[in-house]
Amino acid sequence: MFFWIKANKRVLIRPYLKIVAKGRAEQKMEESMKIRNQKTDSYAVLSLDGSLDMYTSLDLKHAIDNMQPGPGFIVILDLALVTYIDSSGIGTLIKLVNELNGKNMALFLSGLVPMIEKIFKIAGLNNFFHILTPGELRDKYPVENEA
């Protein structure tokens, strides 16, 4: 059993730990991210839907790794449906840029919602990432629309 001593009183904290663990598991289920991959020979557009955070960052990395792109390939992340991003998500994006650049590939972002765009501007990330407007994405990197 776990005890916490406060003001000379022993308080059992094990039930509290179970509640916190249960809450985190429920939070992870609620904060999932969907990734839709539309790939051509020279680029892929990954449309993200949901939260890009410590729970979902690895899903994005695995999705890109599983594509096995070669030199000259461009990965475009459409963030138009991303509702939340935390420092783990931003760190993953930075790491992906560095990894892909090291393999002579590129990572572009598109569709930043105003809240996320503001975070990027405050942190100076809008100068680090190549950010496409929705029009540039549509014109330069067309993909098939689902009916």
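Sub-6 Å Cβ pairs linking a first residue in the range 82-99 that is under 11 Å from Ser57 (Cα atoms) and of a type in the set (A, V, I, L, M) to a second residue that is at pLDDT below 95 and in a helix (DSSP H, G or I), at least 6 apart or interchain, are Ile85/Ile116, ordered by first then second residue. If you go through the range 134-147 and pick out every residue that is farther than 18 Å from Leu100 by Cβ and open to solvent by less than 70 Å² (accessible area, probe 1.4 Å), you end up with 3. Based on what the data block shows, is Asn104 open to solvent by 40 Å² or more (accessible area, probe 1.4 Å) and over 18 Å from the mean Cα position of the chain (by Cα)? Yes; evaluated as a whole, the condition is true for this residue.
Before we move on, is Ile122 open to solvent by 30 Å² or more (accessible area, probe 1.4 Å), of a type in the set (A, V, I, L, M) and either under 17 Å from His62 (Cα atoms) or modelled with pLDDT under 90 (or both)? Judged against the criteria, Ile122 is not a match. I'd like the residue in the range 89-101 that is within 11 Å of the chain's Cα centre (by Cα) and among the aliphatic types (A, V, I, L, M) and, out of all such residues, is surrounded by the fewest Cβ atoms within 10 Å (Cβ to Cβ). Among them, the one singled out is Ile94.
The test for being in contact with a Gly (Cβ under 9 Å, 6 or more places away or on another chain), surrounded by 14 or more Cβ atoms within 10 Å (Cβ to Cβ) and charged (D, E, K, R) does not hold for Asp86. Being modelled with pLDDT under 95 and closer than 19 Å to Lys140 by Cβ narrows it down to one of Pro114, Pro69, so name that one. After applying the criteria, what remains is Pro69. Just one of the listed residues (Ile76, Ile116) is in contact with a strand residue (DSSP E or B) (Cβ under 6 Å, 6 or more places away or on another chain), surrounded by 14 or more Cβ atoms within 10 Å (Cβ to Cβ) and over 20 Å from Ala44 (Cα atoms), and it is Ile116.
The values are calculated or read from the model by the stated rules, or taken from the named source; none is laboratory data. For clarity, every value in this text was computed on a predicted model and none was experimentally measured. Note that each Cβ is placed from the backbone with ideal geometry, even for glycine, and that neighbours are counted across all protein chains shown. For accessibility, only protein heavy atoms count, side chains too; no ligands or nucleic acids. Shrake-Rupley method; radii C 1.70, N 1.55, O 1.52, S 1.80 Å.
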